[in-house]
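The values are calculated or read from the model by the stated rules, or taken from the named source; none is laboratory data. All values reported here derive from a predicted model rather than from experimental measurement. As a convention, Cβ positions derive from the backbone with ideal geometry for all residues, glycine included, and neighbour counts pool all protein chains shown. Please note that ligands, DNA and RNA were not included when accessible areas were found on the heavy atoms of the full protein model with its side chains. Shrake-Rupley method; radii C 1.70, N 1.55, O 1.52, S 1.80 Å.
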Amino acid sequence: MNTRDWPIRAKLTALVVGPVTGLLALWIFATTLTFGPALDLLAARTLLYDLGRPGESVVAELQRERRLSVVQLAGDTALPALAEQRTRTDQAVAELRRRVDGEKLRDAADDLLDTRLDQLVSALDALPAGRGFIDSRKVDRAGAVGLYSGMIGSAFQAFSGMATLPDAELNREALALTALGRSRELLGQADALLAGAVTAGRYAEGEHEQLVRTIENQRFLAENAVADLPPAERAAYQRLTEGEGFVRLRALQDTLVRARDLPAGLDVRAWETSYAAVSQGLRDYELRGADTLAERSVPMAVRILVRLAAAGVLGLLAIVVCVLVALRVGRSLDRRLTSVRTAALEMAEHRLPDVVARLRRGEEVDVAREAPELDHGGDEIGQVGRAFNEVRRTAVQAAVDEVTLRRGLNEVFLNIARRSQGLVHRQLALLDRLERRTEDPDELAGLFQVDHLATRLRRHAEDLVILAGAAPGRGWRNPVAAVDVVRGAISEVESYDRVDVGEVQPAGVLGRAVGDVIHLLAELIENATVFSPPGTRVDVSGRSVPGGYTIEITDRGLGMSPPALAEANRKLSRAPEFDPTDSARLGHFVVARLAARHGVRVELRPASPGGTTAAVLVPSDLVTDEPALGPGATDGVAGPDDRRMAKVTRLATVPRTRATRPGRERPESAVLPLPAGRTSSVETPADGDGLPRRVRRRGPVARPRPVAVDNPAHRTPEEARRAMSALQAGTARGRRDGARRAAEPSPPEPPAAPDQPTATERDA
């Protein structure tokens, strides 16, 4: 049985119950052993009056009937006295049967006495049959003596079964009285044998030898029985045997023993008188002795019961005291151990987390107040309590130090991030001025490449700001179209040329959430491009759903296992504390922080046939109608907010096409072939939408361009970016010229060509 995981209360209860149960069982056993003998002593009186007296009467009547039966067998005629004696015997036997069948005697008798009572009843059942044999003279005198002696012997066996008293002295005296009764029975047998011989005038064959044995046995039993009597009882028996009847009867017995034949001068009358006196004297002596035993047994039983009661009460009181002490000590131990456990659990589950949470919120924490001294006593439990007090104080102080250190690290992160942001902003501003002044397409392409790197640096600096628990500085006053938000996020990704923008349903995002949503989408798109093969595409689409607007980013990578998906979704569903040991999932931490800030839900799920889909649900309170082109340009000129959005996302504001692939398509008219030998940058007239087209041409003043000998035959991403950068610069100036001419009346123009995504630029 494993008791290691038992509660303290159960263990203490087991420690108490075991010894107390053993002590209680021992008390019950000792009480039973003492109570049994006391009941036996009290039952001695019951046995005497319900078995001793009725049994002795049956024995006396059987002895008289035996003598008359032998006399009748010795003579020739039936004796009327025998019939009368049989009636008296039957009455005595009936009374004995009534007592034996009663519950009182049976309850007081033990197993041995029960058996001997049954044997006595069985022997008495043979009495009618024996009488029939005697009346029909089918038995001789010796047979008749044996018949009655057997029934009387069964009675004395029952009397011996009564002599099982717990007191040795009383038991020895009871056995002595029973032996005296047996000697008196032998005396009766001798009287019956002599009566038959006197009636017949001679001994039958073997009767003299039987008579001699009976007399010798009678004397032997009487002598041994008297030796076991107490001195007072022995002296009383000695006085009884010194009487005239005992002396004369002994003399007659000596005469009968010496003579082989029946003495001619035997005084039969003297024998009968002496026998009657001696038999009655012995009977009275036995009854007095039995009464004395019964009377002595009652006070002795009472004394035993008194001692038993005293011992029982004291034992029970000791058990109660043990139980009370055990309960008191057990409750004290349980209460103190429970208090230590409660204090430990409260510190581990409530107080210490609350202290850490308050420290992270910037609140001041008093270590002495949060970890007060608890007194658990001076014993081992108290020592454990004091040790726990030290551990608790150390834990709280460690939490304070850790949070203080983390707060300092956050401040360092934030300081570094703010400095980096400032530098990146200045760099982006400088690049913007250089881009506006540069006419050389190659230099402009290089500047836009540096601009793209700076924009990515800005996003990483914002990651530090988010790690520090602050909010990035980017923000918009007016709503921004969802497609522009998606394109802005794509422009902040290194492998933007692998991202395809699918169907993006019209919608707008409130300005206060635009920067964070762009950053969130950029992190997810970056993960999609990093964790998928280089030759695969990443699809981005958006649609309105009940409760908000969903943007889905799907890659074609190996995907994630179900446990990894579940763990990632668990982290994305809440804003966890930054764990420096989990730097491999830094993007998930940033996404979770940004999503929690605006109530955005992000969920990763398997894509079909392979890969992973990141679903971003922007809540309805951040979604509005898609803003019109050029909001705020009421006079035909784009407002500062529009220019700011264009710079940040590097996306045009007219018109928005949602089925193109950024960085993948470029119209043939975007860059025209140039004559060999010279290069120049010339703006051609507008192509129907007021936007000029930049065309490269050869000229004498063109600066020679170095030719890379190792360029591959196909167009590289760098070449595509340079071409797109040149197109961007011309497109931006064309839009400004078109906006100025829009105020003048003009004939209808054909539809404008779709905008093309460009490299990312800083926040204005």
State all residues of the stretch 123-134 that are assigned to a helix (DSSP H, G or I) and either in contact (Cβ under 8 Å) with a residue 24 or more places away in the chain or open to solvent by less than 40 Å² (accessible area, probe 1.4 Å) (or both); if no residue qualifies, say none. Ala123, Leu124, Leu127, Gly130, Arg131, Gly132, Ile134
Among the residues of the stretch 482-498, which ones are open to solvent by 10 Å² or more (accessible area, probe 1.4 Å) and not in a helix (DSSP H, G or I)? Glu494, Ser495
Against the condition surrounded by fewer than 17 Cβ atoms within 10 Å (Cβ to Cβ), more than 30 Å from Pro7 (Cα to Cα), modelled with pLDDT under 80 and out of contact with any helix residue (DSSP H, G or I) (no Cβ under 7 Å at 6 or more places or on another chain), how does Glu402 come out, does it pass? yes
Residue that is nearest to Thr292 (Cα to Cα), among those in the stretch 143-195 that are of a type in the set (Asp, Glu) and part of a helix (DSSP H, G or I): Glu173
Yes or no: Val384 at pLDDT 75 or above, surrounded by 14 or more Cβ atoms within 10 Å (Cβ to Cβ) and more than 29 Å from Leu12 (Cα to Cα)? no
Name every residue in the stretch 268-294 that is open to solvent by less than 80 Å² (accessible area, probe 1.4 Å) and of a type in the set (D, E, K, R), in order of residue number. Glu272, Arg283, Asp284, Glu286, Asp291
Might you check whether a residue that is open to solvent by less than 60 Å² (accessible area, probe 1.4 Å), in contact (Cβ under 8 Å) with a residue 60 or more places away in the chain and in contact with a Phe, Trp or Tyr (Cβ under 8 Å, 6 or more places away or on another chain) occurs anywhere in the stretch 252-265? yes
I'd like to verify a number: residues in the stretch 415-439 that are of a type in the set (A, V, I, L, M, F, W, C) and either outside any helix (DSSP H, G or I) or open to solvent by less than 40 Å² (accessible area, probe 1.4 Å) (or both), how many? 5
Determine if the stretch 233-248 includes at least one residue that is more than 30 Å from Asn171 (Cβ to Cβ) and in contact with a helix residue (DSSP H, G or I) (Cβ under 7 Å, 6 or more places away or on another chain). yes
Testing Pro479 on (1) open to solvent by less than 10 Å² (accessible area, probe 1.4 Å); (2) modelled with pLDDT of 90 or more, one condition comes back false. Which one is that? (1)
Taking the stretch 218-236 and keeping only residues that are out of contact with any Lys or Arg (no Cβ under 6 Å at 6 or more places or on another chain), open to solvent by less than 30 Å² (accessible area, probe 1.4 Å), under 11 Å from Leu177 (Cα atoms) and assigned to a helix (DSSP H, G or I), one is left with Ala222, Ala225
By residue number, the members of the stretch 451-464 that are open to solvent by 40 Å² or more (accessible area, probe 1.4 Å) and touching a helix residue (DSSP H, G or I) at 6+ places or on another chain (Cβ under 6 Å) are Leu457, Leu464
Given the criteria crowded, with 17+ Cβ neighbours inside 10 Å, part of a helix (DSSP H, G or I) and at pLDDT 85 or above, does Val501 qualify? no
Just one of the numbered conditions (1) touching a helix residue (DSSP H, G or I) at 6+ places or on another chain (Cβ under 7 Å); (2) closer than 30 Å to Thr731 by Cβ; (3) among the charged types (D, E, K, R) is not true of Arg437; which one? (1)
On the basis of being modelled with pLDDT of 90 or more and farther than 16 Å from Arg67 by Cα, does Ser160 make the cut? no
Residues that are over 16 Å from Gly22 (Cα atoms) and open to solvent by less than 80 Å² (accessible area, probe 1.4 Å), drawn from the stretch 297-324: Ser297, Val298, Pro299, Met300, Ala301, Val302, Ile304, Leu305, Leu308, Ala309, Ala310, Ala311
In the stretch 74-86, is there at least one residue being open to solvent by 50 Å² or more (accessible area, probe 1.4 Å), more than 21 Å from Leu147 (Cα to Cα) and modelled with pLDDT of 85 or more? no
Close pairs from the stretch 606-628: first closer than 23 Å to Ala596 by Cα, partner of a type in the set (Lys, Arg) and outside any strand (DSSP E or B), Cβ under 9 Å, at least 6 apart: Leu622/Arg512
In this structure, is Ala78 assigned to a helix (DSSP H, G or I) and small (Gly, Ala, Ser)? no
Could you tell me whether any residue of the stretch 164-175 is of a type in the set (D, E, K, R) and surrounded by 22 or more Cβ atoms within 10 Å (Cβ to Cβ)? yes
Pick from Ile525, Ile553: which is over 13 Å from Val618 (Cβ atoms), open to solvent by less than 10 Å² (accessible area, probe 1.4 Å) and not in a helix (DSSP H, G or I)? Ile553
Report whether or not Gly188 is more than 60 Å from the chain's Cα centre (by Cα), under 30 Å from Leu252 (Cα atoms) and open to solvent by 40 Å² or more (accessible area, probe 1.4 Å). no
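In the stretch 528-548, how many residues are in a loop (DSSP other than H, G, I, E, B), in contact (Cβ under 8 Å) with a residue 12 or more places away in the chain and surrounded by fewer than 22 Cβ atoms within 10 Å (Cβ to Cβ)? Outline the logic, then answer.
Here is the first cut: in the stretch 528-548, the ones in a loop (DSSP other than H, G, I, E, B) are 531-537, 546-547.
Still in the list and also in contact (Cβ under 8 Å) with a residue 12 or more places away in the chain: 531-534, 536-537, 547.
Checking which are surrounded by fewer than 22 Cβ atoms within 10 Å (Cβ to Cβ) leaves us with 531, 533-534, 536-537, 547.
Going through the stretch 528-548 one residue at a time, the tally reaches 6.
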